[in-house]
Protein chains: 2
Amino acid sequence: MTGIIDVALRAGVAKSTASRALSGNGYVSAETRERVERAARELAYSAHSSASSLATGRTSTIGVIMPMADRWYFAELLSGIQRALVDDGLDLGLYGATEGSAERARMLDHALAGRRFDGIIAVCLQPGAHELERLTETGLPLVSVGPFSERADTVTIDDVAASRVATEHLIDLGHEDIAFLGDEPDADRFSFGERKRLDGYCQAMISAGLDRRIRPVTTRSTIPEAFETSAALLADKRHRPTAIAAVCDEAAIGAILAAQRLGIPVPGELSVTGIDDHRYAEMFALTTIRQSPKEQGAEAVRLLRARMQDPQAPLGHVVAPVSLVARASTAVPRSDAR
Amino acid sequence: MTGIIDVALRAGVAKSTASRALSGNGYVSAETRERVERAARELAYSAHSSASSLATGRTSTIGVIMPMADRWYFAELLSGIQRALVDDGLDLGLYGATEGSAERARMLDHALAGRRFDGIIAVCLQPGAHELERLTETGLPLVSVGPFSERADTVTIDDVAASRVATEHLIDLGHEDIAFLGDEPDADRFSFGERKRLDGYCQAMISAGLDRRIRPVTTRSTIPEAFETSAALLADKRHRPTAIAAVCDEAAIGAILAAQRLGIPVPGELSVTGIDDHRYAEMFALTTIRQSPKEQGAEAVRLLRARMQDPQAPLGHVVAPVSLVARASTAVPRSDAR
DNA sequence: CGTTTTCAAGGAACCGGTTCCACAAAGCCC
DNA sequence: GGGCTTTGTGGAACCGGTTCCTTGAAAACG
């Protein structure tokens with residue numbers, strides 16, 4: 001393997017000069033720089049990353065800790081982070097943490113050791129578990145995507161508002177029997193704001209004087225599980241809601257599929273809203289609150305870079321935009337359904 | 001930050017002894033080892049990874065290059081790789097490569113520099129692009145998941161057989177008008193065996209004397225796109241096939257949804273098979289060929305470890321098992337449908 | 001009992017870059 | 001023209017571990 005000494009020899013300079021020429025730090029004459037660069041090119045020289053990291057203290061690698069990418073939101077977010085990091089010449093070390101597992105502990109150890117990564121992006125790390133705090137304490141640049149924290153840079157959406165807007169959309173159409181379909185909020189797994197979304201739904205219901213109709217239905221928010229839960233919910237025609245506000249698009253799609261299976265026309269007899277604007281949302285004509293996890297990922301990288309440049313800068317708290325996308329899964333309730 | 005010198009000082013030994021005690025290489029008395037280990041624990045010492053890598057030449061990091069994890073197969077595979085790496089104490093550097101893009105080039109540079117990773121797992125790297133070859137030439141331990149290569153360790157499934165079995169299942173039920181729904185095989189994006197699956201379908205059709213009925217329908221194999229394509233395919237009742245053999249479950253599910261939309265009963269008037277046993281397969285009662293990408297990921301890591309231990313060992317070519325899972329999306333064709 | 005092994009531990013070299021420092025040459029100022 | 005700053009370069013120290021080599025003591029051997 002060719003090292004910087006080989007480059008220096010070929011260019012006829014000392015290795016320190018070669019280093020300066022290639023990194024751009026310190027004085028080097030234009031002519032010398034040119035010679036060194038040519039030598040490096042000819043030898044296809046590439047600096048040994050460990051050596052460089054050891055000397056500079058920088059690794060050019062960002063650690064990302066997130067639930068495994070089996071859900072749309074996480075896959076999209078990862079993709080956004082990935083792309084942004086590549087653009088900045090940074091590498092991505094991935095830690096998929098499923099349950100409060102060995103992975104997490106390992107990640108924390110690595111982070112605490114403080115040397116493998118120049119920064120951390122923590123995705124939907126449940127605040128209750130205090131892991132975010134422990135990461136904060138390492139002093140490493142840290143961005144939390146999803147949960148808010150007062151001690152780290154954050155990228156969030158206004159989950160309460162998103163859910164409120166979706167619910168209000170249903171209320172405005174004239175619905176009163178609106179069920180909320182979503183995760184058990186106490187789950188101490190990763191969180192993407194289930195609790196806040198439930199709150200937003202409740203707020204909208206209360207504001208509309210529908211507090212007596214508040215009806216949370218618990219399900220894990222994957223399409224198959226929401227399908228099962230919804231099928232049970234919708235089976236009994238007498239107690240069937242006229243609308244479902246789902247915690248996310250996957251849950252909403254599960255509900256739509258369950259309605260289809262039961263022969264319940266959507267939106268004729270059942271309106272459904274989601275949150276996400278999932279890849280499949282358009283196919284199901286799903287009315288939803290759009291967010292862009294890809295953009296959020298890019299934003300997280302932007303915050304992280306800023307923090308890396310200036311550790312003392314005031315904390316950045318970005319609230320990513322959301323917007324209502326009205327499609328054909330919501331409509332005025334049928335008068336005889338009241 | 002505490003270094004090994006601090007540990008050595010506290011334990012009252014030389015740094016070389018401390019290193020030996022902690023790494024387990026070389027002679028250290030049991031008593032000394034105990035002292036050093038205690039000191040390390042008390043100081044919460046963790047070796048600086050760059051320094052360690054520089055000295056040993058090992059990074060404990062595996063590079064994974066794959067399409068972004070927005071599809072079930074890739075997400076599952078990544079999850080399997082991730083878990084296996086964690087179990088082996090290895091880190092995961094992720095390179096999501098979408099199109100023949102900057103990411104890929106970067107990945108190759110890093111790999112060629114030959115120092116950032118102890119090994120590479122290349123997922124569905126299209127053989128035509130010669131990228132696999134270039135990776136092979138670096139001499140780094142390399143496992144290809146998906147495409148076969150004679151010059152690297154591989155984890156594959158028998159795509160031809162999988163597709164043939166699915167098609168034969170339909171033929172055995174009595175179908176003759178069987179369309180194949182799948183990707184453009186020439187796409188020089190990432191490949192997961194579309195071409196071979198088309199071949200398997202053709203083989204089954206030819207063996208059954210149905211060569212005149214071979215009918216490939218091109219679509220990108222995502223649920224929404226397969227939905228659109230299938231809707232067009234199924235719209236014309238006269239030219240409608242009685243069965244669809246889909247290249248993967250996502251395409252199959254798109255077809256089922258299209259049939260539902262058009263009011264075509266499945267399996268009454270249309271049988272559908274997939275390949276994967278996707279997370280949603282059960283919900284749609286999809287008859288499919290099961291594979292386990294999670295297992296394949298673990299297998300890839302196993303091969304990689306073996307290669308890392310013995311670079312001279314003969315190449316390992318693992319063919320992961322698949323099996324037919326018969327559910328309710330396939331049935332005997334209605335006699336009047338012939 | 002003397003000699004050869006084996007075991008333990010310290011000192012120094014090394015991995016491959018980066019950066020500090022010393023020094024020389026050139027440019028600038030009064 | 002002498003002193004001072006700016007520029008360009010080489011040598012050496014350094015980042016924090018690992019490993020080779022040496023030395024000394026204890027154990028095994030003939």
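The values are calculated or read from the model by the stated rules, or taken from the named source; none is laboratory data. These numbers come from a predicted model, not from an experiment. All Cβ positions, even for glycine, are placed from backbone atoms using ideal geometry, and neighbour counts span all protein chains on display.
Of all the listed residues (A:106, A:20), the sole one being without any contact (Cβ under 8 Å) to a residue 12 or more places away in the chain and within 11 Å of DNA strand C (Cβ to nearest atom) is A:20.
Taking region A:10-32 as the range and being surrounded by fewer than 20 Cβ atoms within 10 Å (Cβ to Cβ), polar (S, T, N, Q), near DNA strand D (Cβ under 7 Å from one of its atoms) and under 16 Å from residue A:47 (Cβ atoms) as the test, only A:16 passes. Among the residues that make up region B:35-48, is at least one of them more than 10 Å from DNA strand D (Cβ to nearest atom), at pLDDT 95 or above, assigned to a helix (DSSP H, G or I) and farther than 30 Å from residue A:140 by Cβ? Looking for residues that are more than 10 Å from DNA strand D (Cβ to nearest atom), at pLDDT 95 or above, assigned to a helix (DSSP H, G or I) and farther than 30 Å from residue A:140 by Cβ, one finds at least one in region B:35-48, hence yes.
Look at region B:65-100 and say how many of its residues are within 8 Å of another protein chain (Cβ to nearest Cβ) and among the aliphatic types (A, V, I, L, M). Total satisfying the criteria: 7.
Going through (1) within 30 Å of residue A:268 (Cβ to Cβ); (2) of a type in the set (Asp, Glu); (3) assigned by TED's automatic domain parsing to the domain that holds residue A:303 one by one, residue A:131 falls short only on (1). The test for being among the small types (Gly, Ala, Ser), modelled with pLDDT of 95 or more, near DNA strand C (Cβ under 6 Å from one of its atoms) and outside the structural domain of residue A:117 (by TED's automatic domain parsing) holds for residue A:51. Scanning region A:42-63 for residues that are more than 10 Å from chain B (Cβ to nearest Cβ) and either under 28 Å from residue A:305 (Cβ atoms) or touching a residue at least 40 places away in the same chain (Cβ under 8 Å) (or both) yields A:43, A:62.
Looking at B:134, B:164, B:213, which is the one that is over 25 Å from residue B:318 (Cβ atoms) and among the charged types (D, E, K, R)?
Sole residue among the options that is over 25 Å from residue B:318 (Cβ atoms) and among the charged types (D, E, K, R): B:213.
Listed here are the residues, each with its yes/no results for (1) in a helix (DSSP H, G or I); (2) touching a helix residue (DSSP H, G or I) at 6+ places or on another chain (Cβ under 9 Å); (3) hydroxyl-bearing (Ser, Thr, Tyr).
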site	(1), (2), (3)
A:232	yes, yes, no
A:266	no, yes, no
A:281	no, yes, no
A:314	no, no, no
A:328	no, no, no
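For region B:269-291, filtered to residues that are more than 14 Å from chain A (Cβ to nearest Cβ) and closer than 22 Å to residue B:156 by Cα, the residue that is surrounded by the most Cβ atoms within 10 Å (Cβ to Cβ) is B:274.
Condition (residue is more than 28 Å from the chain's Cα centre (by Cα) and either crowded, with 23+ Cβ neighbours inside 10 Å or at pLDDT 95 or above (or both)) applied to region A:184-196: is it met by at least one residue? Looking through region A:184-196, none of the residues is more than 28 Å from the chain's Cα centre (by Cα) and either crowded, with 23+ Cβ neighbours inside 10 Å or at pLDDT 95 or above (or both). Just one of (1) closer than 30 Å to residue A:155 by Cα; (2) buried (at least 18 other Cβ atoms within 10 Å of the Cβ) fails for residue A:58. It is (2).
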